[in-house]
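Each remark here refers to the structure printed beneath this line.
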Amino acid sequence: MKKTKLNIFVKLFVLLVVCITTLCACSLEDLSELFSSDVSMVDITNTSNIVVHYLDIGQGDSIFVELPNGECMLIDAGVANKGEFIDSYITDKGYNKIDYLVATHPHADHIGSMAYVISHMDIGQIYMPKVAATTKTYEKLLLAIQEKDLKIKSAKAGMSIIDTGDFSASIIAPVEIDESELNNCSIIIKIAYGKDSYLFIGDAEKEELNTVSDDMSADVLKVGHHGSRTSTSNDFLEEVNPIYAVISCGVDNDYGHPHNETIELLNQFNVEYYRTDLQGTITITSDGSQNYSITTEK
């Protein structure tokens, strides 16, 4: 009887999704049951290095982070055909659970394979901006979350994911939701471990970056919006002051990413940068003492 009721519920949910798509609208109220207001953080003893894998998934973002407390985090999941690759990459590293899953914003090049990942792996906490979207990819992601009876933590500036004193993962944006430009709803995460710091900015463009009041300085920057000129600015690089930067983009992509203006700025600031289109998956390891080790697939 329970299974029958569940099947009926899932069918009704899918029907609701179809109706929403037809009307080209998806109100925040429709998402309210999936989004949780719980902002509790985790406090776990540190054990090892932090290892950040900027996965080569073509024109999109997917970053797998091995945290120094023995847990792991996945930030975005690329386009729709990369789920099996991401799943295999993570399990090959010895993980059968993603403790923290982050969808920076609901564009298909960032959440395309997230439904697959959720369906095939154990998932802990999910962080997403609370936005309205009507794409099939977004609806598929919500359905995967619903089917596993998971909840979404509504990400916003000021939330602390983990804090152990010398290791923290914090959400510093979005400060506000701009549904007219979903790139500017991007979750921005700063991870700090001892003297080391990493900044992940999704596709945040200059407009969103200008709203951030928290400290954005970081040794390692995930360059915004695949190296687009609309994200990286002189003022932003002055504030972040990175030593290293990683650009995630596809070979010969249709957008011309990374833009020449972004590369010129990185060179101007003497930032050592890496590109997934040229070097494949890029892995950065550090031990909390600004002792960074960088390896590339190619």
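The values are calculated or read from the model by the stated rules, or taken from the named source; none is laboratory data. In this text, all values refer to a predicted model and were calculated from it rather than measured experimentally. Cβ: placed from backbone, ideal geometry, glycine included. Neighbour counts: every protein chain shown. The protein model used for the area step is the full one, side chains on, heavy atoms only, and it has no ligands, DNA or RNA in it. Shrake-Rupley method; radii C 1.70, N 1.55, O 1.52, S 1.80 Å.
Looking at the structure I just gave you, is Asn234 within 23 Å of Thr296 (Cα to Cα) and open to solvent by 50 Å² or more (accessible area, probe 1.4 Å)?
Working: within 23 Å of Thr296 (Cα to Cα): no; open to solvent by 50 Å² or more (accessible area, probe 1.4 Å): yes.
For Asn234, the condition - within 23 Å of Thr296 (Cα to Cα) and open to solvent by 50 Å² or more (accessible area, probe 1.4 Å) - is not met.
Report, by residue number, each residue of segment 131-155 that is open to solvent by 20 Å² or more (accessible area, probe 1.4 Å) and either of a type in the set (Val, Ile, Thr) or touching a Pro at 6+ places or on another chain (Cβ under 6 Å) (or both).
Thr134, Thr135, Thr137
Take the residues in segment 164-187 that are among the β-branched types (Val, Ile, Thr) and touching a residue at least 40 places away in the same chain (Cβ under 8 Å), then tell me which one is surrounded by the most Cβ atoms within 10 Å (Cβ to Cβ). First the steps, then the outcome.
Of segment 164-187, the ones among the β-branched types (Val, Ile, Thr) are 164, 171-172, 175, 177, 187.
Retained after the next criterion (residues that are touching a residue at least 40 places away in the same chain (Cβ under 8 Å)): 164, 171-172, 177, 187.
On the way: Thr164: 16, Ile171: 22, Ile172: 20, Ile177: 16, Ile187: 26.
That would be Ile187.
Do we have Tyr198 as open to solvent by less than 10 Å² (accessible area, probe 1.4 Å), of a type in the set (Phe, Trp, Tyr) and within 19 Å of Gly112 (Cβ to Cβ) here? Steps first, please.
Details: open to solvent by less than 10 Å² (accessible area, probe 1.4 Å): yes; of a type in the set (Phe, Trp, Tyr): yes; within 19 Å of Gly112 (Cβ to Cβ): no.
So Tyr198 does not fit the description; no.
Return yes or no: is Gly124 of a type outside the set (A, V, I, L, M, F, W, C) and assigned to a loop (DSSP other than H, G, I, E, B)?
Working: of a type outside the set (A, V, I, L, M, F, W, C): yes; assigned to a loop (DSSP other than H, G, I, E, B): no.
Here the answer is no, as Gly124 does not meet what is asked.
For residues that are within 15 Å of His110 (Cβ to Cβ), out of contact with any strand residue (DSSP E or B) (no Cβ under 7 Å at 6 or more places or on another chain) and either assigned to a loop (DSSP other than H, G, I, E, B) or β-branched (Val, Ile, Thr) (or both), tally how many sit in segment 134-162.
Count: 2.
Among the residues of segment 189-243, how many are charged (D, E, K, R), in contact with a strand residue (DSSP E or B) (Cβ under 8 Å, 6 or more places away or on another chain) and more than 19 Å from Asp166 (Cβ to Cβ)? Walk me through it before giving the result.
Narrowing segment 189-243 to residues charged (D, E, K, R): 190, 195-196, 203, 205-208, 214-215, 219, 222, 229, 235, 238-239.
Subsequent filtering for residues that are in contact with a strand residue (DSSP E or B) (Cβ under 8 Å, 6 or more places away or on another chain) retains 190, 196, 208, 214-215, 219, 222.
With the extra rule that they be more than 19 Å from Asp166 (Cβ to Cβ), the set shrinks to 208, 222.
Residues meeting the conditions: 2.
Please verify whether segment 113-123 includes one or more residues that are under 24 Å from Gly224 (Cα atoms) and in contact (Cβ under 8 Å) with a residue 60 or more places away in the chain. Even if it seems obvious, please write down each step before you answer.
Quick first cut of segment 113-123, residues under 24 Å from Gly224 (Cα atoms) only: 113-115, 117.
So of that shortlist, the ones also in contact (Cβ under 8 Å) with a residue 60 or more places away in the chain come out as none.
No, that holds for no residue.
Any idea which residue in segment 239-264 is surrounded by the fewest Cβ atoms within 10 Å (Cβ to Cβ), counting only those that are free of Cβ contacts under 8 Å to residues at least 24 places away in the same chain and within 22 Å of Asn210 (Cβ to Cβ)?
Once the filter is applied, the top-ranked residue is Glu264.
If you go through segment 53-76 one residue at a time, how many are more than 14 Å from Gly250 (Cα to Cα) and among the small types (Gly, Ala, Ser)?
Kept after step one, since they are more than 14 Å from Gly250 (Cα to Cα), are these residues of segment 53-76: 53, 63-76.
Applying the additional criterion that residues be among the small types (Gly, Ala, Ser) yields 70.
Of the residues in segment 53-76, 1 are more than 14 Å from Gly250 (Cα to Cα) and among the small types (Gly, Ala, Ser).
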